[in-house]
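*Asks:* To start, I am sharing the structure in question, which I have written as structure tokens.
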Amino acid sequence: MAGKTGRKRGHTTANKSSAPSRQWRRMDLHLHTPGSNDYQQMEVSYLDILRQAEVRGLDIIALTDHNTVAGFAAMKKEIEQLLWLEERRRIEPDEKRRLDEYRRLLTKILVLPGFEFTATFGFHILGIFPSETSVSFLEHLLLTLKVPPQVLHQGSALVGATTDVLTAYRVIHEAGGIVIAAHANSGNGVAMRGLDFGGQTRIAYTQDPYLHTLEVTDLDKRSYATRRFFDGSKPEYPRPMRCIQGSDAHRLTRDPAQPKHLGVGDRVTEILLPELTFAALAAVLKGNDLSLTRPYRGPANPIDFVQLAQEEGESIVQAFHPSLVQRGGHQDRILQDICAMANTNGGAIYVGISADPKMKPEGVKDADKAVEKLVTAVSNRITPEPDIHIDTLPSRGAQIVRITVQPGADTPYAIDDNKFYVRDEAETSVAVRDEIVRLVERSLRQETPEPIGVLPPLPIPGSQPVPVAQPRSGSLSTAEPVPAPTASKAGGKAAKQIEPPRTGVEVVESEKRQGTYYHTVRDLRNGNLIKNVTRSSARKLWHYAISQVEAGQPKPKEIKWQGDIALINKREKDDNIWYDLALREGDTVHIYYGVTDSGLNDAWLPLIEAA
């Protein structure tokens, strides 16, 4: 999980080809769920497991219950039910929040189905499969491995006589799975520590060509390690084996009374991948380059989500307030943020903590009573009542109140019936006339905007795709004439159109009336056009863009083009960076002011990296 956004990107300046660059990803491929009958916290939900994976900074997880896929199937069924309700407009607010949370997490984390198979003599083998693999296929595979039908949904590690180890390797491999020997160096592991099996059996179980990876529990130890034993230096074990680690979690978090009982993400492996897909994962784990995986030496304690948010700072979807009390106007400012986020892209508001990451959080005293008063204030003063969820999170010994605001479906939202607010970058501002008109139009069209940055629908097998609203990328410009582009055309065919950035603003039209310039500004985050903006009435980013336009935009011949795009200016303050960019389309030049890293797509990133 990134702290300072924009500084962490998977692109390099050295490679200008179309091949994606590689970056280290964190994975935990051995997680149990309540689908295993020895799971220690049966009250845990599947959404809890995904949230904990996010908190621990995981990019890839696999759900591997004992001799069953019941856990993965239960999560899939829950999501499909929520999608069904949403499609028929029968979904309740709490169900909508769960679905939105699933949608957010499953576009961020690659969740893979699998199982921990118990082979003959009790040896454990992990089979990991693509996310689109059907439950029926995996259950048929377990039956092929001779898991008795009557125990197929029990999640028990004790299943009687099943298939032998070497056959299990081959069957899982031929079914398209990744074959991993679970905790190979410990109990029920194929390295057979402490067992009196013959040496040839041990060699066969750890050197078989259908076995892709060994999972070990001592990957990071400096003394004797299983990884060193299987590095190919021993004549009887000539095939070097990749060793990874996984948590084998049977609970959500580590048991403080028994620290050996690990939780989600307590033993993590990093893997160097060109993209976050099963195919890329399988290529590495089935390959011979052992340098592409390494033990993750991150913090032992769960990541402080509030502290991460504080380090990221205020943004269009994030705000901070030190107090929730009415005295001093704190509650009024929180209500304004709620109203603004409901009218814009939604977001999260943290109360009891300053936006300054150097300041320790004070927390909220008597949080339950304070939240009750806030809920009453929202209900009484904001019309219509926005969709919010309030909870508390611990951070450095303090209790922080978090208010999650959903983007509103019934805009515009107003405080005291006549005060309209919108979120602009890191500020909440009173809406201008054109913004209020846009909010009304959006409501009349019955459009429900998704937050900026939402990715495609859930990667769960069998789920019906749900269309995701994307920011508009229409092209209004000042129609600055430019020479016809040549670098972007070949063989008379038009080059692929470059999408504008998704943050920043564009001044598309300017008109002087009685000595004052009036501008039409396009907000790149949502495509809205705001008319009659003057330099004196403009907000921070608008003011900067208008000031640049009134001072004189660069002539097309003066711009240093890279194909049809160019970097005009770069501004830095603290850890924040803003870019002024140019794009030419035929005879038109667009200039985008104040673009942030989060608004850059693949077409723009090489230009920024080169600079």
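*Asks:* Given 0.36 nm per residue, what is the gain on full extension from F137 to D434 after removing their alpha carbon distance, in nm? Intermediate values should be presented prior to the final figure.
*Replies:* Details: separation 297, 0.36 × 297 = 106.92 nm, distance 5.43 nm.
Gain on stretching F137 to D434: 101.5 nm.
*Asks:* Gain in length, K108 to E441, computed as 0.36 nm per residue apart minus the alpha-carbon separation, to one decimal in nm? Can you show the working numbers first?
*Replies:* Numbers: separation 333, 0.36 × 333 = 119.88 nm, distance 3.17 nm.
Contour length minus the Cα-Cα distance gives 116.7 nm.
*Asks:* Ignoring trypsin sites (Lys or Arg not before Pro) that are buried or in helix or strand per DSSP, and keeping those with at most 10 other beta carbon atoms within 10 Å, what is the longest stretch of the chain between them?
*Replies:* Details: sites that count: R7, K16, R88, R89, R90, R222, K260, R297, K358, R445, K496, K560.
Here the longest run is 91-221.
*Asks:* Let me ask something additional. Distance in nm between label sites at T376 and R170, each 7 Å beyond Cα in the beta-carbon direction?
*Replies:* A separation of 7.3 nm, rounded to one decimal place.
*Asks:* I would also like to ask the following. Less than 17 Å apart at the alpha-carbon level, and either on another chain or at least 8 residues along: which aspartates and glutamates does that give for K512?
*Replies:* Candidates past the 8-residue exclusion: E550.
*Asks:* Further question: Could you work out how far apart the two model spin labels at L47 and R89 are, taking each label as a point 7 Å from the Cα in the direction of the beta carbon, and quote it in nm?
*Replies:* So the two model labels end up 2.3 nm from each other.
*Asks:* Given (i) -0.84, -1.00; (ii) -0.78, -0.91; (iii) -0.92, -1.03, which label gives log10 I(q)/I(0) by the Debye sum over Cα atoms at q = 0.09, 0.10 Å⁻¹ as computed from the coordinates?
*Replies:* Structure-derived value, by its label: (i).
*Asks:* Under unit Cβ charges (Lys, Arg +1; Asp, Glu -1), what dipole magnitude, rounded to 20 debye, does region 23-295 have relative to its Cα centre? If you can, show how the numbers build up before the last one.
*Replies:* Values: 32 positive and 34 negative charges, 106 e Å.
Approximately 520 debye in magnitude.
*Asks:* Would you kindly state how much longer the chain becomes between A283 and K369 on full extension, computed as 0.36 nm times their sequence separation minus their alpha carbon distance, in nm to one decimal? Walk me through the numbers before you get to the answer.
*Replies:* Details: separation 86, 0.36 × 86 = 30.96 nm, distance 5.37 nm.
Gain in length upon complete extension: 25.6 nm.
*Asks:* Kindly state, to the nearest 0.05, the FRET efficiency for T534 paired with K96, given R0 = 41 Å and r defined as their beta-carbon distance. Don't skip to the answer; put the middle values down first.
*Replies:* Details: r = 40 Å, r/R0 = 0.98.
For T534 and K96, the calculated efficiency is 0.50.
*Asks:* Which links in K373/K419; K369/K540; K365/K540; K76/K365; K96/K573; K358/K570 stretch past 29 Å when you go from one Cα to the other? Write down the numbers at each step before the final one.
*Replies:* Working: K373/K419 21 Å; K369/K540 37 Å; K365/K540 35 Å; K76/K365 39 Å; K96/K573 39 Å; K358/K570 26 Å.
Violating the 29 Å Cα-Cα cut-off are K369/K540; K365/K540; K76/K365; K96/K573.
*Asks:* If you don't mind, another one. What size of dipole, in debye to the nearest 20, comes out for the chain about its Cα centre when the only charges are +1 on Lys and Arg C-beta atoms and -1 on Asp and Glu C-beta atoms? If you can, show how the numbers build up before the last one.
*Replies:* Details: 75 positive and 77 negative charges, 271 e Å.
With only Lys, Arg, Asp and Glu charged at Cβ, the dipole is about 1300 debye.
*Asks:* Determine the calculated [θ] at 222 nm for the chain from helices alone, applying -39500 (n - 2.57) to every DSSP H run no shorter than 4 residues and normalising by the residue count; nearest 500 deg cm²/dmol. It would help to have the intermediate numbers written out before the result.
*Replies:* Values: 14 runs with 150 residues, N = 611.
For the chain, the value works out to -7500 deg cm²/dmol.
*Asks:* From the Cα gyration tensor of region 310-407, with a ≥ b ≥ c the square roots of its eigenvalues, which class applies: rounded if a/c is under 1.5, or else prolate if a/b is larger than b/c, or else oblate? Provide the component values of the computation, followed by the final result.
*Replies:* Working: a/c = 1.80, a/b = 1.27, b/c = 1.41.
Since a/c reaches 1.5 but b/c is at least a/b, the shape of region 310-407 is classed as oblate.
*Asks:* Using the Cα gyration tensor of region 231-317, with a ≥ b ≥ c the square roots of its eigenvalues, what is the shape: rounded (a/c below 1.5), prolate (a/b larger than b/c) or oblate (neither)?
*Replies:* Numbers: a/c = 2.90, a/b = 1.52, b/c = 1.90.
Oblate, because a/c is 1.5 or more while a/b does not exceed b/c.
*Asks:* Starting from the Cα gyration tensor of region 547-587, take the square roots of the eigenvalues, sort them a ≥ b ≥ c, and report rounded, prolate or oblate (rounded when a/c is under 1.5, otherwise prolate if a/b is larger than b/c, else oblate).
*Replies:* Working: a/c = 2.75, a/b = 1.51, b/c = 1.82.
Oblate, since a/c reaches 1.5 and b/c is not below a/b.
Just so you know, all these numbers are worked out from the coordinates, no wet-lab data involved. Keep in mind the model is a prediction, meaning the values are calculated, not measured. As a convention, Cβ positions derive from the backbone with ideal geometry for all residues, glycine included, and neighbour counts pool all protein chains shown.
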